[in-house]
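Undergrad: I have a structure here, written as C-alpha cells, and I will follow up with some questions on it.
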Amino acid sequence: MSKTTATRARPLSPHLQIYKPIPTMMMSIIHRITGVALYFGTLLVAIWLMAAAGTAEGFARVQGIYGSWLGLFVLFGYSWVLFHHMLGGIRHLVMDTGSEAALGKDESRRAAVAMPVVSFALAILVWVVAIMARGA
Amino acid sequence: MTDMRTPLGRVRGLGSAREGTMHFWRQRLTAIANVPLVLFMVGLMVALVGAPYEDVRATLANPFVTLVVILFFVSVLYHMKLGMQIVIEDYVHGEGAKVALIALNTFFPLVIGVASIFALLNIAFGG
Ligand code: HEM
C-alpha cells in the first residue's frame, strides 16, 4: 500500500523574493526594466527631432540641455540600456528557436553574465566615436 | 435579445480565437526590425552630436534618412506599446486602473509618433 499523505511540508507558492538570484533570472528581469526605461527614452529622440523642426534658438536650448553633465549622464545611460536591451532581445529571439546553444545551462549563464559587460563596452565605443567625430 | 453574431464573431478579441500568438509574433517582428533601425539611429545621432542646426536639418531632410527615421519610429513605438501592454497586464489588476493605463499606453506612442513624423516631414518639405 502506498502512503498518500505527504511526509514533509510542501513548498509554498514561490514569490520572487525567495529565489536565489541567478544570472539568467536577473537578465530576464533586467530586460523588462530596460524595456520600460527605453519606453520613456524614446521621448529623448522625439524631443530632439521636434527641436530640430523648430527654431534655431529652441534647438540650441535642447542641445545645451542634452550637452550638460546631467544630459550626458542620462544619454549615456540611455545608450547603455539600449544596447543591453538589444542584446537581451537578440538572446530572446535565439532562445525562441529552442536552440541548445542559447538554452543550455552553462551557455545561457555565460551569455547572461556577459550582457552587462558587452553592452557597457558597446556604449563606451559609441561615445568614444562620437567624441572623436565631434573633435574632428 | 437574440444574438445576431456568429459564434466566431462572439469570441473574437476575447482570447483564443486564433489571435493568441499575434501579440507575441508582432513583438518578435518589431524586435527584428528594431535591430538595424536602432543601430542606424544611434549612428545618425553620433554623426550629428554638436553639429550646427542647419547641418542637422539638412541631414534629416535627406530622403533616405527621413524614410529610415520614420521607420524607426513606427517599429520602435509599436514594439514598445506591445511590450508595455504585457507589463501592465502582469502587474495592474484593478479593472479601472488597467483600462486607464492601457488607454494611455495606446495614446502615448501614437502622439509621440505623429509628432515626430510631423516634425520630420516639416524639416524635409517645410523649406
Ligand atoms: C528603443 C527601442 C526599444 C524599446 C522602447 C523597447 C521596449 C520594450 C518593452 C517595453 C518591452 C516589454 C518588456 C517585457 O515584457 O518584459 C520589450 C520587450 C522585448 N524587446 Fe524591446 N524595445 C526596444 C528595442 C528592442 C530591440 C532593438 C530588440 C532587439 C531584438 C528588442 C527585443 C525585445 C524582445 C524580444 C522583447 C520581448 C521579451 C519578452 O517576451 O519577455 N527590443 N521591449
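The values are calculated or read from the model by the stated rules, or taken from the named source; none is laboratory data. Just so we're clear, the structure is a prediction, and the values are computed from it rather than from any experiment. Ideal geometry is used to build each Cβ from the backbone, glycine not excepted, and the neighbour counts take in all protein chains shown. Just the protein is used for accessible areas: all its heavy atoms, side chains included, with ligands, DNA and RNA removed. Shrake-Rupley method; radii C 1.70, N 1.55, O 1.52, S 1.80 Å.
Undergrad: If you roll a 1.4 Å probe over chain A with all protein chains in place, what percent of the accessible area is carbon or sulfur?
TA: Working: 6450 of 8990 Å².
For chain A, the apolar C and S fraction of the accessible surface comes to 72 percent.
Undergrad: Roll a 1.4 angstrom probe over the protein heavy atoms and tell me the percent of accessible area of chain B that is carbon or sulfur.
TA: Carbon with sulfur: 71 percent of the solvent-accessible area.
Undergrad: For a quick check of understanding: with a 1.4 angstrom probe and all protein chains in place, what accessible area in square angstrom does B:Glu54 have, to the nearest ten?
TA: Ignoring ligands and nucleic acids, B:Glu54 comes out at about 110 Å².
Undergrad: Tell me, what HN-Hα J-couplings in whole Hz come from the Karplus equation 6.51 cos²θ - 1.76 cosθ + 1.60 at θ = phi - 60° for each residue of region B:29-46, using x for Gly and Pro?
TA: Going residue by residue, I get 4, 5, 4, 5, 5, 4, 4, x, 5, 5, 4, 4, 5, 4, x, 4, 5, 5 Hz, with x marking Gly and Pro.
Undergrad: If you take the square roots of the eigenvalues of the alpha-carbon gyration tensor of chain B and sort them as a ≥ b ≥ c, do you get rounded (a/c under 1.5), prolate (a/b over b/c) or oblate?
TA: prolate
Undergrad: Just grab the label-to-label distance for A:Ile33 and A:Arg10, each label 7 Å out from Cα along the Cβ direction, in nm (one decimal).
TA: So the label points at A:Ile33 and A:Arg10 sit 3.3 nm apart.
Undergrad: Starting from the residue with the highest accessible area, list A:Val118, A:Val126 in decreasing order, probe 1.4 Å.
TA: A:Val118, A:Val126
Undergrad: If only Cα atoms are counted, what is the Rg of the protein assembly as shown, and what is its Dmax, in Å?
TA: 22.8, 89
Undergrad: Got a sec? What order do A:Ile131, A:Ile29, B:Ile123 fall in by accessible area at 1.4 Å, biggest, i.e. largest, first?
TA: Final ranking, largest accessible area leading: A:Ile131, A:Ile29, B:Ile123.
Undergrad: How high is the FRET efficiency between B:Asp90 and B:Ile70 when r is their beta carbon distance and R₀ equals 25 Å, given to the nearest 0.05?
TA: 0.20
Undergrad: Hey, another quick one. Sorted by accessible area (1.4 Å probe), largest first, how do B:Trp25, A:Trp69, A:Trp127 line up? Numbers along the way, then the final one.
TA: Working: B:Trp25 135, A:Trp69 215, A:Trp127 60 Å².
The most accessible residue leads, giving A:Trp69, B:Trp25, A:Trp127.
Undergrad: If r is the Cβ-Cβ distance from A:Thr24 to A:Phe73 and R0 is 30 Å, what FRET efficiency results, to the nearest 0.05?
TA: Result of the calculation: an efficiency of 0.55.
Undergrad: For B:Thr21, tell me the accessible area in Å² from a 1.4 Å probe, rounded to the nearest 10.
TA: It works out to around 100 Å².
Undergrad: Pairs of Cα atoms under 8 Å, at least six residues apart: use those to get the relative contact order of chain A, whole percent. Each step should come with its number before you reach the end.
TA: Details: 61 pairs, mean separation 38.4, N = 136.
Relative contact order here is 28 percent.
Undergrad: Then there is this: Do any trypsin sites (Lys or Arg not before Pro) in region B:1-104 lie in a DSSP loop with no more than 13 other beta carbon atoms within 10 Å, and if so, which?
TA: Numbers: sites: B:Arg5, B:Arg10, B:Arg12, B:Arg18, B:Arg26, B:Arg28, B:Arg57, B:Lys81, B:Lys98; in loops: B:Arg5, B:Arg12, B:Arg18.
Passing both the DSSP loop test and the Cβ count: B:Arg5, B:Arg12, B:Arg18.
Undergrad: What is the spread of the Cα atoms of chain A along each of their three principal axes, largest first, in whole Å?
TA: Here the Cα extents, ordered largest to smallest, are 87, 28, 26 Å.
Undergrad: If one takes the accessible area of chain B alone plus chain A alone and subtracts that of the pair, with a 1.4 Å probe, what total in Å², rounded to the nearest 100, results?
TA: 2900
Undergrad: Continuing with the same structure: Return the residues of region B:81-127 for which accessible area with all protein chains present is lower than in the chain on its own by 50 Å² or more; set the probe to 1.4 Å and exclude ligands, DNA and RNA.
TA: Those residues are B:Met84, B:Phe108.
Undergrad: Treating the angle as unsigned and between 0 and 90°, give the value, to the nearest 10°, between the Cα long axis of helix A:56-67 and the longest Cα principal axis of chain A.
TA: So the inclination is approximately 40 degrees.
Undergrad: A further question on this structure: Please give the helix A:69-96 orientation as an angle from the longest Cα principal axis of chain A, in degrees from 0 to 90, rounded to the nearest 10.
TA: The two axes meet at around 40 degrees.
Undergrad: Here's something else I'd like to know. Between A:Asp96 and B:Leu104, what's the calculated FRET efficiency when r is the beta-carbon distance and R0 is 30 Å? Round to 0.05.
TA: 0.55
Undergrad: Follow-up question, since we're still on this one. How big is the dipole moment of chain B about its Cα centre under a simple scheme where the beta carbon of each Lys and Arg is +1, that of each Asp and Glu is -1, and everything else is neutral? Debye, nearest 20, please.
TA: Dipole magnitude for chain B comes out near 400 debye.
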